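Asker: Have a look at this one before I ask anything.
We did not get these values from a lab; they are worked out from the coordinates using the rules stated. Just so you know, these numbers come straight off a predicted model, no measurement behind them. Methodologically, a virtual Cβ is constructed for each residue, glycine included, from the backbone with ideal geometry; neighbour enumeration extends over all protein chains shown.
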Amino acid sequence: MPRILDGTRVRDEIKNELKPRVAALAAHGRPPGLAVALVGHDPGSEIYVRNKIKTCQELGIYSETLRPPETITTDELLRTVEELNRRGDIDGILVQLPLPKQVDAKRILLAVSPEKDVDGFHPCNVGNLVAGLPGPRACTPAGIIEMLKRYEIPMAGRRAVVVGRSDIVGKPVALLLLHQHATVTICHSKTPDLPSVCRQADILVAAIGRPAMITADYIKPGAAVIDVGMNRLDARADAARIFRNSPEKLASFDKKGNVLVGDVDPFGAAEVAGAYTPVPGGVGPLTIAMLMANTVAAAERRAGLC
Ligand code: NDP
């Protein structure tokens, strides 16, 4: 039986470790502060931001949500970011993506002070990641490394294959695995014979955005499989096929009108992998935990505590 890598357990561990650090910062003067700019009413973004604020409250981190109107211009949003850069009580700034079409998202992300860039997306922090220098790391990739470490899955000298080369997941997780001394291959939509490349992996990371694409024939027996994908299935027939008519999943589909599936076929992983992250409950919970960790670390750096 493969080990199930439980993201909620790791998330809770990380949160518990952060609490005394938040308390130490508060005792030193003030708690860490996170500002989230949420433009418009994208339902997914609303849920993410609500969860981020809730987690801040649990940990004692000061948080503030700014709700600029959907019609905001790039210049107006730049002014908002610059004001947050200047604020002494704000250690982390997060501009929730996606932004409306008229806003130049690249200019906005570039305007966030690298010291307050708790998403780790600023080119300075991408440079720090490449060079192995300290600085905030992108949250989902950092969460994946925490998961592997805490489950004592060896990375040094192991073959790691990352499917997906996005700036927010694929590339940074590949670099973090490289810094852990794995031998890393990055694959994408032009990679020929993907199953045979994936079958070489001791650690296989799927960050693709294609429901259950990684089937048993992509997985080396005993490999650790990290499923980053979060895909909503809206067609009942797809849910029935992927979940092999599981009554539990179909009941959940009938209740909500959709069901969540990762990029990895859950039955394939259960048959062949040595360990794997479930969806939901695997990588997902770690992203917000690492955002909190980045905010606390930014506050500690600014307070001269580390
Ligand atoms: P992107 O769409 O930015 O990148 C997808 C990558 O997958 C691309 O590099 C693309 O290749 C590659 N790809 C697409 N189709 C194939 C294929 N058939 N064979 C091989 N490679 C392929 O996605 P993200 O990185 O932003 O997200 C990936 C998934 O992770 C999504 O499901 C997303 O929802 C989820 N996610 C989950 C998070 C969490 O907290 N759990 C956080 C962030 C994302 P190419 O570059 O050639 O086009």
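Asker: In deg cm²/dmol and to the nearest 500, what is the mean residue ellipticity at 222 nm of the chain if only DSSP H runs of at least 4 residues count, each as -39500 (n - 2.57), divided by the residue total?
Answerer: On the way: 12 runs with 138 residues, N = 306.
Mean residue ellipticity, 222 nm, calculated: -14000 deg cm²/dmol.
Asker: Taking the Cα centre of each part, how many Å lie between region 209-259 and region 1-21?
Answerer: 24 Å
Asker: Check each of the GluC sites (Glu not before Pro) in region 71-161 and keep only those in coil by DSSP with at most 12 other C-beta atoms within 10 angstrom; list them in order.
Answerer: When the GluC sites (Glu not before Pro) of region 71-161 are filtered for loop state and at most 12 Cβ neighbours within 10 Å, Glu152 remain.
Asker: Write down, largest first, the equivalent ellipsoid semi-axes of the chain in whole Å, where each equals the square root of 5 times an eigenvalue of the alpha-carbon gyration tensor.
Answerer: 33, 23, 19
Asker: Further question on the same structure: Can you give the longest stretch of the chain with no exposed loop site, where a site means trypsin sites (Lys or Arg not before Pro) in a DSSP loop (not H, G, I, E or B) with at most 14 other C-beta atoms within 10 Å?
Answerer: Details: sites that count: Arg87, Lys101, Lys190, Arg244.
Between the exposed loop sites, the longest stretch runs 102-189.
Asker: OK, next. If contacts are Cα pairs under 8 angstrom and at least 6 residues apart, what is the relative contact order of region 29-113 in percent?
Answerer: Rounded, it is 42 percent for region 29-113.
Asker: Hey, another quick one. Can you give me the relative contact order of region 139-284 as a percent, contacts being Cα pairs under 8 Å and 6 or more apart? Mind dumping the intermediate values first?
Answerer: Values: 306 pairs, mean separation 33.2, N = 146.
Dividing the mean separation by the residue count of region 139-284 yields 23 percent.
Asker: Mean separation of Cα pairs under 8 Å and 6+ residues apart, divided by the residue count of the chain: what relative contact order is that in percent?
Answerer: Averaging sequence separation for qualifying contacts and normalising by length gives 22 percent for the chain.
Asker: Charges at C-beta only: +1 for Lys and Arg, -1 for Asp and Glu. How large is the resulting dipole of region 139-284 about its Cα centre, in Debye rounded to 20?
Answerer: 120 debye
Asker: Which entries in the list Lys52/Lys255; Lys19/Lys101; Lys220/Lys249; Lys116/Lys256; Lys52/Lys171; Lys106/Lys249 go over 29 Å, if you measure between the two C-alpha atoms of each?
Answerer: On the way: Lys52/Lys255 26 Å; Lys19/Lys101 38 Å; Lys220/Lys249 27 Å; Lys116/Lys256 38 Å; Lys52/Lys171 24 Å; Lys106/Lys249 39 Å.
Correct reply: Lys19/Lys101; Lys116/Lys256; Lys106/Lys249.
Asker: Moving to a separate point now. Can you list the residues, at least 5 places off or on another chain, whose amide H is less than 5 Å from the amide H of Thr185, using H built in the peptide plane?
Answerer: For Thr185, whose amide H was placed from the backbone, the distant partners under 5 Å are Ala160, Val161, Val162.
Asker: Mind jotting down the distance between the C-alpha centroids of region 271-306 and region 35-72, whole Å?
Answerer: Taking the Cα centre of region 271-306 as reference, the centre of region 35-72 is 18 Å away.
Asker: Under 1.5 on a/c is rounded, so check that first for region 1-89, then, if it is not, pick prolate when a/b is larger than b/c and oblate when it is not; a ≥ b ≥ c are the square roots of the alpha carbon gyration tensor eigenvalues.
Answerer: Note, shape of region 1-89 comes out oblate.
Asker: If you keep only loop residues by DSSP, which GluC sites (Glu not before Pro) in region 1-60 have at most 12 other Cβ atoms within 10 Å of their Cβ?
Answerer: Of the GluC sites (Glu not before Pro), not one in the loops of region 1-60 has a Cβ with at most 12 other Cβ atoms within 10 Å.
Asker: Here is a further query. Mind checking the angle between helix 170-179 and the chain's longest principal axis? C-alpha axes, 0 to 90 degrees, to the nearest 10.
Answerer: Value to nearest ten degrees: 90.
Asker: Out of Pro69, Pro221, Pro266, any idea which swings most in a Gaussian network model of the chain, alpha carbons joined below 10 Å?
Answerer: In the Gaussian network model the winner is Pro69.
Asker: Toward the positive end of the charge dipole of the chain, about the Cα centre and with charges on Cβ (Lys, Arg +1; Asp, Glu -1), which of Ala24, Ile145, Thr71 goes farthest?
Answerer: My answer, from the dipole projection, is Ile145.
Asker: Sticking with this one: Which residue fluctuates most in the GNM of the chain (Cα springs below 10 Å): Val184, Val264, Val205?
Answerer: Val184
Asker: Right, here's the next one. Along the principal axes of its C-alpha atoms, what lengths does region 242-306 span, in descending order and rounded to whole Å?
Answerer: 56, 31, 15
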